[in-house]
Amino acid sequence: MQYFSPTANHRRLGLVCLGVGVQEGPLPVVGPRALDHHVAVVVTRGRGWFSHGGRPPQPVTAPALLWLVPGVEHHYGPDPRTGWQECFVDFAGHSVEAYTDLGYVTPDRPLVPLSATAGVRHVVDGIVRAARTGGPLLEVEAAAAVHALLVALRYARAEVSRHGDAVMDALARDALLPISVAEHAARLGIPLPELRGAVRRSTGEGVKEYLLGIRLSRAKELLARTDLPVAGVARRVGYEDPGYFSRLFSRRVGMAPGRFRAQQSFHDAARPG
């Protein structure tokens, strides 16, 4: 186990790492207790139990993620006969709220089945190595790793939807079509509420927000790399009304499509070689 003491300046990064650990075997029971920060406990091998918020204990079978959230009592431990293998990262910061809104941190779902843990262990092992090495960049390196950890945990999550990634892949493929969300659901052959639930579980966003992100990213590429007029770009990303597209682009990107193109052209021209 290694623990960190980030300064006020480090906390301005939005996330800080407070501790990291890897342990295994017939470990002692934890709690009941409540903390003032978040902890991601990843059980990579074995089984045990987990109680959260005073509720009855639930069985835990690896691979699984336990979310310990501030101010909520938790109590857990491995099977005393076999033990388990776990790694954990303690963290805090104002960015946790954004990760929660996006569905990466799930305080309302404190026990999360995982499909794999190799990516998570890679990040955790990196924090452990950094802690052993030390140095003036340790706190910033560990803070950056917390962001990577939350992404790795999201990739590792075993979704309960029977459609899963196939739905997201198909939706991304068809994102530029000028059709409604209901029409997307019909093309996929699933009820509209089920589509909304699948997207929410995968991205933390609604279907419209998810599609809009893909469309705007593609529009930026077209504006930066082609000479298509704005109306042509609008049609390529699913908008028949170029005026509506321009207003939407301006509102979300912070500048009009023409200004975005001029800015990118300037930077491209300024690059050497």
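The values are calculated or read from the model by the stated rules, or taken from the named source; none is laboratory data. None of these values were measured; they are calculated from a predicted model. Virtual Cβ from ideal backbone geometry, glycine too; neighbours counted across all protein chains shown. Heavy atoms of the whole protein, side chains included, go into the accessibility calculation; ligands, DNA and RNA do not. Shrake-Rupley method; radii C 1.70, N 1.55, O 1.52, S 1.80 Å.
Worth a mention:
- Using θ = phi - 60° and Karplus 6.51 cos²θ - 1.76 cosθ + 1.60, couplings along segment 220-231 (whole Hz; Gly, Pro as x): 4, 4, 5, 5, 7, 10, 10, 9, 4, x, 4, 4
- Ordering 52-59, 166-173 by mean Cβ neighbour count within 10 Å, with the highest value first, yields 166-173, 52-59.
- Integer Hz, Karplus 6.51/-1.76/1.60 couplings in order for segment 89-98, x for Gly and Pro: 9, 8, 8, 7, x, 5, 6, 4, 4, 5
- Between Glu205 and Asp101, the distance separating the two model label sites (each 7 Å from Cα on the Cα→Cβ line) works out to 1.3 nm.
- When Rg and Dmax are taken over the Cα atoms of the chain, they come to 22.6, 69 Å.
- Heavy-atom accessible surface of the chain: percent carbon and sulfur, 1.4 Å: 54 percent
- Förster-model FRET efficiency, 22 Å R0, Ala186 and Leu216, C-beta, rounded to 0.05: 0.35
- Other residues with beta-carbon under 14 Å from the beta-carbon of Arg33 carry, at +1 per Lys or Arg and -1 per Asp or Glu, a net charge of -3.
- Debye intensity ratio in log₁₀ form over the Cα atoms of segment 12-143, taken at each q of 0.13 Å⁻¹: -0.55
- Hydrodynamic radius by Kirkwood, which averages 1/r over all alpha carbon pairs of segment 137-261, in angstrom: 16.4 Å
- The residues of the chain present an accessible area of 52 Å² per residue when probed at 1.4 Å with all protein chains retained.
- Length added when fully stretched, Ala172-Leu228, from 0.36 nm per residue minus Cα-Cα: 17.9 nm
- Averaging the sequence gap over all C-alpha pairs within less than 8 Å and six or more residues apart, then dividing by the number of residues, gives the chain a relative contact order of 16 percent.
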